[in-house]
Amino acid sequence: MSQAIFALSTIAIGVGGCILYFYASNLFLDKVLFPARGPNAGRNINRAEAVRPWLFLAPALIALGLYLAYPVVATAWLSLVKEQGATRNFVGLANYAQMTSESKFWESMRNNMLWLFVVPAASTAFGLLAAQLTDRIAWGNFAKSLIFMPMAISFVGASVIWKLVYDTRPVDQAQIGLLNAVWLQFGGGVWSVLFLRILPALLLAAIAVGLAWGVWALLRPVLGSGGSRGSLVVVLLRLLGAAVFAALAVVMLWWLVGVFTVTLPYGQPQTWLTIPFWNNFFLMIVLIWIQTGFAMVILSAALRGVPEDTIEAAIIDGANPFQIFFRIKVPQIMGTIVVVWTTITIVVLKVFDIVLAMTNGQWETQVLANYMYDKFFRAFDVGVGSAAAMVIMLLVTPILVWNVWNARKEMR
Amino acid sequence: MADLKLIDVAKGYGDVKVLSNINLDIKTGELIVFVGPSGCGKSTLLRMIAGLEKITGGDFLIDGVRMNDVPPAQRGIAMVFQSYALYPHMTVRENMSFALKLAKKSPAEINAAVDKAARILQLTPYLDRLPKALSGGQRQRVAIGRSIVRDPKVYLFDEPLSNLDAALRVATRIEIAQLKESMPNSTMIYVTHDQVEAMTLASRIVVLAGGGISQVGTPLELYERPQNEFVAQFIGSPAMNLLDGEVTATGAQTTVSLTGGGTAISSVPTRESDKGLKVRIGVRPEDFVPTDGTHIYQGTVALTEALGEVTLLYFQKDGDKAGIVAKLPGIHNELRGRVVRLTADPRKVHVFHDGKSLLYR
Amino acid sequence: MENIAGKRSALTWAVHISVVLLVLLWVVPTFGLLVSSFRTGDQIVSSGWWRAFGTQEQQLNPIRIAGEEKEVDGRFVIEGNLFGNSKTVISLWGTSSREPTAYQPGDTADLGDGQTLTVQENGDFVLTSATSTKDTRLPRVFATASAPPEFTIQNYRNVIFSPLAGQSIGQAFLNTLTVAIPATIIPILIAAFAAYALAWMDFPGRALLIAAIVGLLVVPLQLALIPLLNLHNWAAMTINETFGLTGDRALSGKGYLGIWLAHTGFGLPLAIYLLRNYMVGLPRDIIENAKVDGATDFQIFTKIILPLSFPALASFAIFQFLWTWNDLLVALVFLGTGNDQQVLTGNLVNLLGSRGGDWEILAASAFVSIAVPLLVFFSMQRFLVRGLLAGSVK
C-alpha cells in the first residue's frame, strides 16, 4: 500500500513540479526579469521572447543530454579504459582487441547479421502480405487487430508463449509443444515431401528470385541502361548491395539443394532450441511474430494512400492483380517500406529479452545485446561490455545519419 | 470501327438505383459528351463503359459484342482520368509503354508507338522525366498519350480538364478537338460538368439528370430545341428564364398570356384543345429585346452587370412577377433603376407544359 | 475494386483463406498458452493443449502407489485412489512400463512376493502384501485413462498470491504499475513543452535541435546502462553523504526514482518527435489569432495547443505505457532485485530459469503480465495506430 502512495505522490510531485516550473519560470521571465512595461518595454519583450523557448526546452534538453547524449560519450570512454583495482587506466583499443578475440563475440556478430537480414525482411514481407490481403475483405479490420495483437505483448511474454510451442517431451510421451506434435505427423510420405521439401524449396526459390531481381534492379542504373548513374558513392553502394544480394541468393540456392538432400529424423521429437544455427531462426520467429503487426499497420495505411485511379488506370492497361500489386502499389509505397525496414532493423539491433528468456545465448544463439549484458552484469567487465555497446551504436549509426538527413531534407 | 450500344443499362447499389433506362447508340467517329449536374451519374456511366463499375442491368455492346462481363483491359478502351492517374514511380516513357509491355508487345513496337504519340503531343523532350517534374498541362498530355499508344477503339475522358487553370483549359480543349479531327475512326466519350466544353467539343451531347438521360442531341439542337425545362435551363448561361402563363390563342403560332402581366407569342404550334392550358414559356436572356409595343416582361432593372460586349440586366422578383435576367448587346449601365419592357422573336420563345416542351409532343 | 467487371471470385476466396491461415498462425501460439494456463500441471504435461477440449483416452504418467498401511487379517493393505478427481476413467492398466496395458479395470495383478494389486475403473486401488511394505519402494501404476475436459483457475490463484520466484506475481504486478504509470506521465509534460517550442517558437538552433532529436530516436539504450547506473550510484552516494543518511534511510542507486528518470529520458525523443510533428500540423491561423488577441506563449500552450494535441498525447501515452510495462532491460539494470522492486517481466524470466518445466505456473504468470497491455491494446488500438503512423520517421 505504501508503495502505491509512494507512486501516486511521485506522480503528483512530478507533474506538479513540471507545471510549477513552467508556470513560475514564465512568470519570473515576464514580471521580474524582463517586465513588459517601463521605458524598456519593447526591448524587454524581445528579450523575453528570445529566452522563453529555452525555458520550454530546458527540462527536456537536460533529460536528453543526461540520459542519452552523455551516456554515448561515457560509453565510448569506458570502452577505452580498464578498471584495475580502484583506478581506471586508459588502455586504448585493448578492450576491443580482447572482445574480437572471443569466439562468443563473433558468434554474436554472425547471429546479429542473420537477425538483421531475416527479421526485417520477413516482418516486412508478412506485413505487406497481411496489409494487402486484409484491405480487401470485409472482416479485414478484425483480422488486422489479431495480427497486430503481439505488439502489445512483452518480449518475455512472447518468449514464454513460443517456448510452449517449441517444447519437447521424450519420445514415449505425448508431445505438448505444437511444433513437435506437427513434426511427428510427418513420416516421410507424400505429405512430408510436399510440406518439408517442395514447399520450403519453393519458398527458397522465391526468395532467390527476389534477390536476383534486387541485384538486377541495383545494377541496372550502374550498367547504364536507363536512368541516371549518380555519383561514385551511389555506384559503389549499389555494387556492394548487389554483391550482398547475389551472395545471399547463392546461399538460398545452396539451401535449396540441401532441402532435397538432407535426411530428416522423422519420428523423433526435436529440441528445437538446441539445434545449432537453425535455433536462431526459431528465436527470430518470435520477433517476426511481434513485428509483423507493426509492419502491417504502417504498410496498410500506405497502401490505402496509393491513389485509387492509378490502380484503375493499371486495370484498364491490362494489369492483373499481381502486376498491380508489384508494379503499381509496391513501388509507390517504397518509401514507407524502407521506413518500416529500418525501424525493425533498430529493434533487431537491440534485441535482448527474447534471447535472454529463450536460450540465454546458449547453443550458439548469442546476440550482441545479450553478449553485452553478460559482460556488464555477469562478468562485470565494463570495458569489453562498453566495447560491445559501441559496436551496436556503430551498427545503428548509418540509420541514424540517414534519418537525420531525411528529416532535415523534409524541413527545408 | 467502334459502335457502342447501351440497352436499358442500369446501375444500382443494393436497392439504391443511381442510373436506369439508359439507351444510347454511339456511332464510330462520334465525340459524345456526357454533361449534367454533379451527382447525376455521368462519371458512373463512363466507368461502367470502361468496366470499372459493374453494370447491374441491361446490356452494353461494342460492335455488337456484349461487354458486360468483359474485363476493362479487353474492351478496347482507354481512359484519361481527371487526376491523370500517372504512375508516379515511372518515367513518361514507362507510363506510356506500361500497357503495351503488359500486352507483351515487342520493344521495337513499343518504342515506335511511344515515340509517335510523344511527337503528336510534343512530349519528346520529357520522355525520361518522372511525372512530378512535369507541369499540369504536360501531365495531362502524358495521360492522353498513354491512351493513344494503346490505339483503342474507344477513348474515355473523365473530366480531363478540371484540374487545369482557365487558360490551359482552353488550350487543351482545342488540342483535344484537333486530336479528334486527326483520328476520325475513333469513338470518344467525354464527361464534363462544363457546358462550354460540351458545346464546343461534342458531336452529340447526352444530358444526364435524375438517374436517366434527359436529352440526346447535337449542341445546337439542345440549345435551340430543348426537350424539357431541365435541359433548357442547363444549357446556356445565364440560364433560360421561365415565366408562367396560360394559352389564349392556338394555331401555327401560340399566344400565351403571362401570370405576371404581358403576352408572349411563340412559333410553337398548338391545337385548338390546348386553349386554357397552363404552360410555362422560356426565353433565353440573350433573346430578349427591348420594346415599346406588346411586352413579354415589364419590370424595374435592379442590377446591371456590364461585361463589355453585353450587359446583364437583373429584374427582381415582385409579387406575381418572376425575377428574370436579360442580356443586351453593348453597355447599358444607365438602365439601372429604370422600367424596361422586353419582348422576343416568336421563334425564340419555348413553351413547356408539365416540364416538357410542346414542340416534341 | 469489388466493382471491376469480369473479376474472378476464385481469387477472393483465396484471399479469405489466406487471411484465415495468417490469423490462425498469429493467434494459435497465444491461444495455446491461454488454454494451458487453465489446465492442471498434470494435464499440461500429459497431453497437448489442443486436446484439452475433448474427452481423451491417453496413457497417464506412471503413478506411484502411496498411502497409509493397515494390517487386515494378517496382511498389510494400502487403499486409496490414484487420482485427485473422480472423473477419470481407467480403461487399461499395468504395473510395468513394458506392459502398461496388461490388466482390465477390476483385475488383480500378482506382483510376486505375495503382493497383489487391484485397480478399479475409477482409480480406487487395493494393495495387499504378505509383509510390511514400509521402507520399500511401492509399485507404480501405468494407466490408460480417459478424462473429460477440465479447466481450473487454481493456477492463477497460485501465481498471484504465493511467492514462487522470490515473490508473488501479484506483488510484481503492483511493482510494474509503480514503474509504468509515473514513467508514462512525467515525460509527456516535459515533451509537450519542448515540442511546442520546437514547433511554434522561433529561435536560433531550432533545426539543429530537431535533427538531434531525430538522431537520438535511434540511439540504443544499451549504451546508457553503465554510465547511468554509475551516475545514479554516485548521486545516491553524494546525497547520502551530504545529508548523513545511513542504514534504512540511505538512498540506493537502484530504485524507482532512478527507473522513472531513466524511462523519462529514453521516452523523450519519441515523445518530442511525435508531439512536434502533430503540433506543426495544427492550423497556424488559430495560434496567430490567439497571439493577436494578446495571449502569451504559455497561455497559447495550455489553452489551445494542449487540448488540441490530445490525440497525439494519447498515442504517446499508450506507447510509453506499453513500453515501460513490457520492458525488461531497464528494470533489470535500474531496479533492485528485492521483492518490492521486481517487475513482471523480470519475474517471468526468473520463472523461466527456475521453473522452466512448470507450464501451469509459467502460463498463468505470463497471462497476468500480458493482460494489462492487451486490455490497453484492444481498448485504445485507434490511438496506437495513429501514433505508429506519426512516429515512424518518414
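For the Cα atoms of chain B, what angle does the longest principal axis make with the long axis of helix B:92-102, in degrees from 0 to 90, nearest 10?
70 degrees
With +1 on each Lys and Arg Cβ and -1 on each Asp and Glu Cβ, and nothing else charged, work out how big the dipole of the protein assembly as shown is about its Cα centre, in Debye to the nearest 20.
2840 debye
Can you compute the FRET efficiency between B:T263 and B:V196 using 1/(1 + (r/R0)^6), with r the Cβ-Cβ distance and R0 = 56 Å? Round to the nearest 0.05.
0.95
In the stretch B:225-361, with Lys and Arg counted as +1 and Asp and Glu as -1 at Cβ, which of these residues, B:I265, B:Y360, B:G245, has the Cα nearest the positive end of the dipole, that is, farthest along it?
B:Y360
Of A:K82/A:K104; B:K42/B:K105; B:K27/B:K327; A:K144/B:K11; A:K350/A:K375; A:K409/B:K101, which ones are farther than 27 Å apart at the Cα?
With Cα atoms farther than 27 Å apart: B:K42/B:K105; B:K27/B:K327; A:K144/B:K11; A:K409/B:K101.
For chain B, modelled as a GNM with alpha-carbon contacts under 10 angstrom, which of B:K42, B:K153, B:K17 fluctuates the most?
For chain B, modelled as a Gaussian network with Cα springs under 10 Å, the answer is B:K17.
Order of B:D59, C:D297 from fewest to most other C-beta atoms within 10 Å?
Ranking B:D59, C:D297 by Cβ neighbours within 10 Å, fewest first, gives B:D59, C:D297.
When a/c is below 1.5 the answer is rounded, else prolate if a/b is larger than b/c, else oblate, so apply that to the stretch C:9-53 with a ≥ b ≥ c taken from the square roots of the Cα gyration tensor eigenvalues.
prolate
What FRET efficiency, computed as 1/(1 + (r/R0)^6) with R0 = 60 Å and r the Cβ-Cβ distance, is obtained for B:K275 and C:K303, rounded to the nearest 0.05?
Computed FRET efficiency for B:K275 and C:K303 comes out at 0.20.
Determine the dipole magnitude for the stretch B:241-360: charges of +1 sit on the beta-carbon of Lys and Arg, -1 on that of Asp and Glu, nothing else is charged, the reference point is the Cα centre, and the result goes in debye to the nearest 20.
Around 120 debye, computed over the stretch B:241-360.
Of B:K132/B:K153; B:K278/B:K321; B:K5/B:K180, which ones are farther than 18 Å apart at the Cα?
The answer is B:K132/B:K153; B:K5/B:K180.
Tell me the angle of helix A:232-261 to the major Cα principal axis of chain A, expressed in degrees between 0 and 90 and rounded to the nearest ten.
Compared with the principal axis, the helix lies near 40 degrees.
What list of ³J(HN,Hα) couplings, whole Hz, do you get for the stretch C:204-209 from phi and the Karplus terms 6.51, -1.76, 1.60, once you set θ to phi - 60° and write x for glycine and proline?
x, x, 5, 4, 5, 4
Classify the stretch B:241-360 as rounded, prolate or oblate, taking a ≥ b ≥ c as the square roots of the eigenvalues of its Cα gyration tensor: rounded when a/c is under 1.5, otherwise prolate if a/b is larger than b/c and oblate if not.
prolate
Based on the alpha-carbon gyration tensor of the protein assembly as shown and its eigenvalue square roots a ≥ b ≥ c, which shape applies: rounded if a/c is under 1.5, prolate if not and a/b is larger than b/c, or oblate?
Verdict is prolate for the protein assembly as shown.
Which whole number of Å³ per residue matches the convex hull of the alpha-carbon atoms in the stretch C:157-391?
So the per-residue Cα hull volume is 160 Å³.
I want the antiparallel fraction of DSSP beta bridges within the stretch B:4-234, as a percent rounded to 5.
55 percent
Report the residue, chosen from A:F148, A:F281, A:F377, that carries the largest GNM mean-square fluctuation when chain A is represented by alpha-carbon nodes joined by springs under 10 Å.
So, out of A:F148, A:F281, A:F377, the one fluctuating most is A:F377.
For A:T87, put the label point 7 Å out on the Cα→Cβ axis and report which residues of the stretch C:229-246 keep their amide N under 14 Å from it.
none
What does a probe at B:T28 reach in the stretch B:178-199, counting residues whose amide N is under 20 Å from the point 7 Å along Cα→Cβ?
B:179-190
Sticking with the crude label model, points 7 Å out along Cα→Cβ, report the distance from C:D110 to B:R338 in nm, one decimal please.
Taking the two extended label points, one gets 14.0 nm.
Straight distance only, please: which lysines reach the Cα of C:K70 with their own Cα at less than 30 Å, same-chain residues fewer than 8 apart left out?
List returned: C:K87, C:K134.
Counting DSSP beta bridges with both partners in the protein assembly as shown, what percentage is antiparallel, nearest 5?
Taking every DSSP beta bridge within the protein assembly as shown, about 85 percent pair in antiparallel fashion.
Can you tell me the orientation of helix C:381-391 relative to chain C, as the angle in degrees between its alpha-carbon axis and the longest Cα principal axis, to the nearest 10?
Orientation of helix C:381-391: about 50 degrees from the principal axis.
Where does chain B land on Rg(C-alpha)/(2.2 N^0.38 Å)?
So the Cα radius of gyration is 1.19 times the expected 2.2 N^0.38 Å.
B:S106 versus C:L138, label points 7 Å from Cα toward the beta carbon: distance in nm?
Label at B:S106, label at C:L138, 9.2 nm between them.
With +1 on the Cβ of every Lys and Arg and -1 on the Cβ of every Asp and Glu, and nothing else charged, how large is the dipole of chain A about its Cα centre, in debye rounded to the nearest 20?
With only Lys, Arg, Asp and Glu charged at Cβ, the dipole is about 1000 debye.
How far apart, in nm, are the 7 Å Cα→Cβ label points at A:L33 and C:I286?
2.9 nm
Got the relative contact order for the stretch B:241-360 handy, in percent, Cα pairs under 8 Å and 6 or more residues apart?
It rounds to 29 percent for the stretch B:241-360.
What FRET efficiency comes out for the pair A:I13/A:A50, r = Cβ-Cβ distance, R0 = 22 Å, nearest 0.05?
For A:I13 and A:A50, the calculated efficiency is 0.10.
Pick out which of A:S159, A:S123, A:S145 has the largest mean-square fluctuation in a Gaussian network model of chain A, springs linking Cα atoms closer than 10 Å.
Among A:S159, A:S123, A:S145, the largest GNM mean-square fluctuation belongs to A:S145.
Just so you know, all these numbers are worked out from the coordinates, no wet-lab data involved. What you see is a predicted model, and the numbers here were worked out from it, not measured in a lab. Quick reminder, even Gly has a Cβ in these numbers, built from the backbone with ideal geometry, and neighbours come from all protein chains shown.
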